[in-house]
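The values are calculated or read from the model by the stated rules, or taken from the named source; none is laboratory data. Predicted, not measured: the structure shown is a model, and the values here were computed from it. Every residue, glycine as well, gets a Cβ built from its backbone with ideal geometry; the counts of neighbours run over all protein chains shown. Side chains are part of the model used for accessible areas, which takes the heavy atoms of the whole protein and leaves out ligands, DNA and RNA. Shrake-Rupley method; radii C 1.70, N 1.55, O 1.52, S 1.80 Å.
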Amino acid sequence: MDALPPGWDTDIAVLELGGSSVEDRGDHLVVRTPANPDFHWGNFLFVTDPAAVGDAERWTAIFGATFPQARWLAVGLTRFPEDGAAWAAAGAELEEDQVLTSSSPPRRTPVPDGYTVRRLDGDDWERYIARELAENLRTGEYAPEEHERFTRARTVSQRELSDRDAAAFFGAFHGERLVADLGIVRCGERARYQSVGTDVDHRGRGLASHLLGVAAAWAGERGCRQWVIVTESDNPAGRVYRRAGFAPDATNAQAYRPPPR
């Protein structure tokens, strides 16, 4: 298999570090996360053959046979298809995320006034879960019960990675309230950011910029030489990442159909 682009390469590396299995079937990978069956992008196919990324009928059938209990469709693609009509006919939306990288760690900006920053530990993990669940209730993006199962299972994996020092998660606190957080995972010499988020009423104050630098320094001290972050192409946070020193590198392409609500 040819080397994967940095976004998917680190996506899959993070999953493997967290206990997911990756089966190479020649022209595609099967990624499974038995500990978190609600994790859509932990239980998916990844098409490694660039010539086959438009064959939606085939991949939809293989996904259904591989994940018969899944109510969603999640297929990663090594490149964006020229024609998305077949995927649209399968009820899937083609998505393209921006992958940004930096060969030097983002500088650490000052901590904004009124906040404290620390690595998550102990009771902080319950605060981390509570913040994620509250954000989902605000946006209504996912069904609450399923999202809570997913979040709790994912947090178990993240906490185990942190305990092994394969990853670290940092939070900004306003008093004892966790209002912003992110993680970073060591994937060889690459460091991959995870789950960057700030509460709506605390945005625009420089919390994410500060946390980016804190996490980068942690990874750099442990031998990482490239920093990778992935964001939706239309996400305003991309401006924050570019100001921190990240530059566009590649894209992550995928076909996704959410479960019925």
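Within region 53-78, how many residues are among the aliphatic types (A, V, I, L, M) and either touching an Asp or Glu at 6+ places or on another chain (Cβ under 6 Å) or open to solvent by less than 10 Å² (accessible area, probe 1.4 Å) (or both)? Within region 53-78, residues that are among the aliphatic types (A, V, I, L, M) and either touching an Asp or Glu at 6+ places or on another chain (Cβ under 6 Å) or open to solvent by less than 10 Å² (accessible area, probe 1.4 Å) (or both) number 6. What's the number of the only condition in (1) touching a Gly at 6+ places or on another chain (Cβ under 6 Å); (2) crowded, with 18+ Cβ neighbours inside 10 Å; (3) closer than 30 Å to ALA56 by Cα that ASP181 fails to meet? With respect to (1) touching a Gly at 6+ places or on another chain (Cβ under 6 Å); (2) crowded, with 18+ Cβ neighbours inside 10 Å; (3) closer than 30 Å to ALA56 by Cα, ASP181 is out only on (3). Of all residue pairs spaced 6 or more apart or on separate chains, those with beta-carbon atoms under 9 Å, a first member in region 19-38 that is closer than 20 Å to ALA167 by Cβ and a second member that is surrounded by fewer than 19 Cβ atoms within 10 Å (Cβ to Cβ) and among the acidic types (Asp, Glu) are GLY19/GLU160; VAL22/GLU16; VAL31/GLU16; VAL31/GLU23. For region 79-93, enumerate the residues that are on the phi < 0 side of the Ramachandran plot and surrounded by fewer than 20 Cβ atoms within 10 Å (Cβ to Cβ). Once the filter is applied, which keeps residues that are on the phi < 0 side of the Ramachandran plot and surrounded by fewer than 20 Cβ atoms within 10 Å (Cβ to Cβ), region 79-93 yields ARG79, PHE80, PRO81, GLU82, ASP83, GLY84, ALA85, ALA86, ALA88, ALA89, ALA90, GLU93.
Within region 127-135, does at least one residue satisfy the condition of being acidic (Asp, Glu), over 17 Å from PRO258 (Cβ atoms) and part of a helix (DSSP H, G or I)? So that I can check it myself, show each step before the final result.
As a first pass, look at region 127-135 and keep what is acidic (Asp, Glu): 132, 135.
Those left that are additionally over 17 Å from PRO258 (Cβ atoms): 132, 135.
Checking which are part of a helix (DSSP H, G or I) leaves us with 132, 135.
Yes, because at least one residue in region 127-135 is acidic (Asp, Glu), over 17 Å from PRO258 (Cβ atoms) and part of a helix (DSSP H, G or I).
Among residues of region 152-167 being in contact (Cβ under 8 Å) with a residue 24 or more places away in the chain, open to solvent by 40 Å² or more (accessible area, probe 1.4 Å) and not β-branched (Val, Ile, Thr), the one that is farthest from PRO34 (Cα to Cα) is ASP165.
Residue-level check: of (1) more than 28 Å from ALA244 (Cα to Cα); (2) in contact with a strand residue (DSSP E or B) (Cβ under 9 Å, 6 or more places away or on another chain); (3) in contact (Cβ under 8 Å) with a residue 24 or more places away in the chain; (4) among the hydrophobic types (A, V, I, L, M, F, W, C), PHE63 misses just (3). Residues that are open to solvent by less than 60 Å² (accessible area, probe 1.4 Å) and not in a helix (DSSP H, G or I) were ranked within region 1-18; the one that is modelled with the highest pLDDT is GLY18. Where strands (runs of 3 or more DSSP E) fall wholly inside region 160-223, the ranges with 3 or more residues that are over 18 Å from ARG242 (Cα atoms) are 167-174, 177-187.
Note on region 97-122: residues that are open to solvent by 30 Å² or more (accessible area, probe 1.4 Å), under 30 Å from VAL47 (Cβ atoms) and touching an Asp or Glu at 6+ places or on another chain (Cβ under 9 Å) total 2.
Could you list all residues from region 202-233 that are open to solvent by 50 Å² or more (accessible area, probe 1.4 Å) and within 16 Å of the chain's Cα centre (by Cα)? Outline the logic, then answer.
Step one: of region 202-233, the residues open to solvent by 50 Å² or more (accessible area, probe 1.4 Å) are 203-205, 221-222, 225, 232-233.
Once the filter is applied, which keeps residues that are open to solvent by 50 Å² or more (accessible area, probe 1.4 Å) and within 16 Å of the chain's Cα centre (by Cα), region 202-233 yields GLU232, SER233.
If you scan region 123-151, which residues turn out to be more than 19 Å from ARG71 (Cα to Cα) and open to solvent by 40 Å² or more (accessible area, probe 1.4 Å)? Once the filter is applied, which keeps residues that are more than 19 Å from ARG71 (Cα to Cα) and open to solvent by 40 Å² or more (accessible area, probe 1.4 Å), region 123-151 yields ASP123, GLU126, ARG127, ALA130, GLU132, ALA134, GLU135, LEU137, ARG138, THR139.
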